[in-house]
1. What tally of residues in region 322-353 results from selecting those that are small (G, A, S) and out of contact with any Leu (no Cβ under 8 Å at 6 or more places or on another chain)?
2. What strands (runs of 3 or more DSSP E) lie completely within region 64-117 and have 2 or more residues being touching a Phe, Trp or Tyr at 6+ places or on another chain (Cβ under 6 Å)?
3. Which one of D361, D367 is open to solvent by less than 60 Å² (accessible area, probe 1.4 Å), modelled with pLDDT under 95 and either of a type outside the set (G, A, S) or under 18 Å from G270 (Cα atoms) (or both)?
4. If I ask for residues that are assigned to a strand (DSSP E or B) and modelled with pLDDT under 95, which ones from region 283-317 would you list?
5. Can you find, within region 193-233, the residue that is farthest from A313 (Cα to Cα) among those that are of a type in the set (G, A, S) and crowded, with 22+ Cβ neighbours inside 10 Å?
Amino acid sequence: MYRGDLAQTGQAKTRLEAPYEVERLWGYGESLTIPDHRSLDYVSRPGIAVTDRAVYATAVDTDYEPTAVHRTEPEQLWRLTDIADDDLKSSAFARTPAPVVAGSEVFIHSKYRRDRINPAEEKLVWTDETGLLYGDRLTGNHEKLYLSGSVARIDPETGNSISTERTRENGSDGGLAVGDDVAAHALRVDGSRSGLVVGFDTDDWSVEWEEQFTEPIYEAPAIHEGQVFVLTDGSRGGPDPSSEPGTVVALDSDDGSENWRADLSGARIGVGVDTETLYAPHEDDGLIALATSSGSRQWSLDEPLRDLIGDPAWAYPPVVADDAVVLGGPEGLAIVDATDGEIRWQEDLRLRGAPAVAFGDVYALTDDRIVAVRSSNSV
């Protein structure tokens, strides 16, 4: 699942025990070139999903083919062409986003099709010949699947999709978060110079509210306990972005009214949220922790984000795992203590997709391998 939950809080239901060591699960025959990140405005980010048996990765080798590897052993289980029912061109996978694990099934959306895979039997359950356009992202849980760009609901059993009245014609997709009663869709509008968040009633998918922002939004909002948290970021607007400041805004999920605002010049990408704290990557301060109730600053990492993960404009949104926060970017991966911002572990890794956190480990897709960051105390 993208970041671990439909509400996009970034919460992973696990604990990361220090100290840590990197274990290679599988390597490629040839190292990948990290793409020009400016091109990613309209390209889905690759990434990984994890089950108790396997790690499912997209866009990993020179053929960009979705691949399954064993979660605890350095063993490749299958590639998508091994189980597909027809010939697939490698060009079909160049923009494939992170897979989604829903129940015991794996869902992969590539350029020309959507596939539901039974990984235990290594066979296709269904294929929907619907292509992936303009960086759309698939997200879901055991019972629900959604496409963020078109705000479409997908029946996991049949693959049939039902669109809401909102379409990508209203702007470029920033991401979708789905809560119990409300869904929040972020878009970039006005030529990606500004942002818009639309609130939906999840019973009938009617538009309940809309809120405009002066900077663009590149990641999904997070929904938590009656609030929708939005991070605006003008750092990716182009060679000469119209605005740089980053702002975190908490909206009331019922009507979209503003509860609080934290002007954090240098905040980047998206947020992670736990019970009482919101975590925002920051260009100069590395990571800033804010109280979800008021937006007041709790602590900051006080180390430049670039030193930890590379270019701050291309960090991945943080993942919160119990008392730790995982930060990833194009040149590094870090585990930070969620209570005070102390750096527990950091390593320079050329990430090729967003990391995932599950079963007490961090899983990462790099330019030449799939790795697991595990506790060295594990038996």
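The values are calculated or read from the model by the stated rules, or taken from the named source; none is laboratory data. Note that the structure is a prediction, hence the values are computed from the model and not measured. Note: ideal-geometry Cβ built from the backbone for every residue, glycine included; neighbour counts use all protein chains shown. Ligands, DNA and RNA are excluded from the accessible area calculation, which covers all protein heavy atoms including side chains. Shrake-Rupley method; radii C 1.70, N 1.55, O 1.52, S 1.80 Å.
1. Summing the residues that are small (G, A, S) and out of contact with any Leu (no Cβ under 8 Å at 6 or more places or on another chain) in region 322-353 gives 1.
2. 67-70
3. Answer to the selection: D367.
4. Y316, P317
5. Selected residue: G199.
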